[in-house]
1. Taking Cα atoms of the chain, Rg/Rh with Kirkwood Rh, to two decimals?
2. Take peptides 71-77, 312-318, 430-436 and line them up by average Cβ neighbours within 10 Å, highest first, as a rough protection proxy.
3. Write down the percent of antiparallel bridges among all DSSP beta bridges whose residues are both part of the chain, to the nearest 5.
4. At 222 nm, what value in deg cm²/dmol follows for the chain if DSSP H runs of at least 4 each add -39500 (n - 2.57) and the sum is divided by all its residues, to the nearest 500?
5. Which FRET efficiency value, to the nearest 0.05, is calculated for residue 161 and residue 401 with the Förster distance at 60 angstrom and r the Cβ-Cβ distance?
6. What's the extension gain from residue 188 to residue 317 if we count 0.36 nm per residue and subtract their Cα-Cα distance?
7. Label residue 56 and residue 78 with points 7 Å out from Cα along Cα→Cβ: what is the distance between them in nm?
8. Applying 1/(1 + (r/R0)^6) with R0 = 51 Å to the Cβ-Cβ distance of residue 102 and residue 331, what FRET efficiency is obtained, to the nearest 0.05?
C-alpha cells in the first residue's frame, strides 16, 4: 500500500491510496472464507461452500469484489491515516478512483482534520493571582468556628438577627397541590440568614419575635412551582461564644496557648493559600491562552466534547440515583441554560486543547521516552498490569499516539505556567519561589490533607452550627 496526503480547502485533507492486486486478492480471500462459514447452502457444510456458489449467491464475481472492497477499504484508510500522520476529526468521504472491477485499486479519502490555531502573543502573557498573605480576619474566622462548637444557646427577648437560632413550626403548601408533608415541621431549629429553606424565610424572620405568625409565598425559578408558607415563631436564641483564653484553647485543641493556636492556624492557611494560588495560576494561565484563539472551531470537535461531558454526567448522576431533571431542579437551571453552559465549557476545553498543541509545536515540546514510560507505569499500576503490557495493549489498539499527545500537552501546560508573568491583585510581581513552583506539588497537597485532619481534631473547619442547635433542642 502507498498513501499520500494533500491539503484541501476547508481544513480538509485528501488521502490518495494505492493498493496492489495482491492486497486486493488477499482481502477477497478473507471475505470468501467468512462467507463460506456464514452462507447456508444445501449439500455443503459450513466453511466448504465453493467460490463459484458464493459468487452466484452474491450476484456474480463483481458483487463479491464489491463486498470485499467495502470491508477492506476502512482498514486501509486507517493504515493510511497512521502512515501519513493525518489527524482526522470526522468520517471520511471515500471514492474508488480505479480498480473497482479488476486489478489494483486506488481510492481517495477526503476528511476534515484537526485545525492548527494561532496563539500569537503567548510569550507575553500575564496572570493575576490572589495574595498569599494570611490576614488576622482569616485566623479569627477559624477560631470562631472552633468557638461555635462549644458555644451556648441563650434565649433573648430582642427581635431575631442573622446568626440567631429560632424555634419555629413551619407548614408549606405546594401550588401544584402535591403532597406537602415534607414541608411541615414542628419545633424546627433554624439559623436566621442560612438560606437553608427559602430566601423569603430569612427575610421574614429578621426582626421577628416569639409569638409572631408569618405568611409568605416562595417560588423556585425555572420550575413554575411555588409554595405558600405559614410559620409560627416560638423562641429566639443567640449563640454565645466562649472567650478566647489559654484555658479554652487547651480544652478545645492540642495547643496550650492562644498564641500557639494562632501560629499553627497561620501556617495551615498559608499552605492552603499556596496550593489554591497554584491552582488559580494554572486555571488563569490556561484561560489567557484560550483567549488568544480567535479561529472558528469545527462543530465536530465541540459536539464530541459535549457528548463526552453528558456521558460523564449521566454516569455520575446514575451513581447518585439522580435523574437529569432532578439535577436541573436542584441546580435551579432550565435544560437550555444547562446545555448552553455545557457547550460554552466544551468550546473552551477544545480551544485549550488546540492552543496547547500549537504551543508545543511553537516551542518544540515533546515528551521523552522516559516520561512516556512513567505514564505507562502509572496506568499499569491502576490496571494491575506492567508498563510493557500497557504499551502493548495501547499499541494494538492504536492508542499509544494519544498517550504521547496527552503527555505533550501536559508538558506544554507546564511550560506555560513556568513562562507567564505572575502578579498579585495590586500588580506587584510574585516570584515562583514564593509560589512553591520549584517544589513538590504532591507534598503540598499532602500537607493540606494533614491540615484538614488537624482541623477535625481541633474542630476548626467545617463545624456545623446546626449540630449545636439540634443538641440544644434535644435536651
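1. Taking Rg over the Kirkwood Rh, I get 1.12.
2. 71-77, 430-436, 312-318
3. 95
4. Computed ellipticity for the chain at 222 nm equals -17000 deg cm²/dmol.
5. Efficiency at R0 = 60 Å is approximately 0.45.
6. 43.4 nm
7. My value for the distance between the label points is 3.6 nm.
8. My answer for the efficiency is 0.20.
Each reported figure results from applying straightforward, stated rules to the coordinates on display, with no laboratory input. Just so it is clear, the structure is predicted and the values come from calculations on it, not from any experiment. Cβ: placed from backbone, ideal geometry, glycine included. Neighbour counts: every protein chain shown.
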